[in-house]
Each structure stands twice: as structure tokens, then as C-alpha cells.
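All remarks here apply to the structure that follows.
The values are calculated or read from the model by the stated rules, or taken from the named source; none is laboratory data. It should be emphasised that the depicted structure is a prediction, and the values quoted were computed from it without experimental measurement. Backbone-built Cβ (ideal geometry, glycine too); neighbour counts: all protein chains shown. Just the protein is used for accessible areas: all its heavy atoms, side chains included, with ligands, DNA and RNA removed. Shrake-Rupley method; radii C 1.70, N 1.55, O 1.52, S 1.80 Å.
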Amino acid sequence: MTTIRLSRPEEGARAIDIWRRAVDATHDFLKPEDRQAIEELVCDFLPKAVLWLAVDADDYPQAFMLIDEGHMEALFVDPAFRGMGVGAALVRHGLTLDPAMTTDVNEQNGQAIGFYEKMGFKRTGRSPLDGQGRPYPLIHLAHSSS
């Protein structure tokens, strides 16, 4: 059974581990130097962030989500727990907080786009660069209840 709860300060290292494992499994389009630069930013920021965690019955974090003012900034699932509904559980929780939630996803991450569309998100636009100005186009999505 998956439970959703807020992260604790001591869980920063696990959040980084989830991020690394998820990115390695899904972001093969990143250039190695960009992957490294992004990881440096993530390692500085993520342990300080307030995250929503999906945890198992033993309270072990399987995935995390970061929401800021109705925008899902991040959703990462440890590959060992993909396909088990933990990402969907986090998104459903996020939608209880803001039914008009938005998010952005890398255009090269077709599986993620399909996941969000299955969860009821609709495409609202596209940017040719990611948030740091790198050449990784973003698809902008909003939940259809918005």
C-alpha cells in the first residue's frame, strides 16, 4: 500500500537517489555535461525542498513530487517502483491540492507525456528550451479540470 506524506529533512539523500535513478532510466536524451550540471543543481536544492513522498508500508520513499503554487515542478519515481501506481498516486494527491495543476515535461520523454495525458492533462503549449535555457524542448500541460 502506498501512502503520501511530506518529506522530512533527513530524507534528502533518498530524494537525490530517486532523482538519479529515475533520470538514468528515462532521460537518455541528456548530454552528459548537461546531466552533470543539472545534478549539481539538484543536489544543492533537493535536500532543502519540501516534497510529497510516496512511501511503502515500511515508510520507504518510492517516489517524490514537488509542487509550487499549483505547478508540479518535479515528479520522479524510483525505477524499481515504476508501473506500480506510485506516480499516479502522487499526481492524484496533487490534484486534490490544486485541481487545475500544471506541469512541464521534456518533449523527448514520450513515456512521461503519455502518463500525464492518461492522468487527464492536456497540452497547452511548447517551449523550445528547458527552464535553464538548454536545448531540451518542454511540453506545457494543464489538468483538464482547469
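Expressed as a whole percent, the accessible surface of the chain that belongs to carbon and sulfur atoms is 54, based on a 1.4 Å probe. Less than 5 angstrom separates the built amide H of residue 74 from those of 66, all sequence-distant by 5 or more or on a different chain. Rounded to the nearest whole Hz, the Karplus-based 3J(HN,Hα) values (6.51 cos²θ - 1.76 cosθ + 1.60, θ = phi - 60°) of the range 89-98 follow the sequence 5, 5, 4, 4, 4, x, 5, 6, 7, 8, with x at glycine and proline. Modelled label positions at residue 49 and residue 31, each set 7 Å beyond Cα in the direction of Cβ, lie 2.3 nm from each other. Helical content alone sets the calculated 222 nm signal of the chain at -10500 deg cm²/dmol, taking -39,500 (n - 2.57) per DSSP H segment of four or more residues and averaging over every residue. Taking the alpha carbon gyration tensor of the chain, multiplying each eigenvalue by 5 and rooting it gives semi-axes of 22, 20, 14 Å, largest first. Once you list every other residue whose beta carbon is under 11 Å from the beta carbon of residue 8, what net charge do they have if Lys and Arg are +1 and Asp and Glu are -1? In short, -1. Of the GluC sites (Glu not before Pro) found in the range 1-96, those in coil by DSSP whose Cβ has at most 12 other Cβ atoms within 10 Å are 69.
With q set to 0.14, 0.22, 0.30 Å⁻¹, the log10 of I(q)/I(0) for the range 70-113, from the Debye formula over equal scatterers at the Cα positions, is -0.35, -0.84, -1.19.
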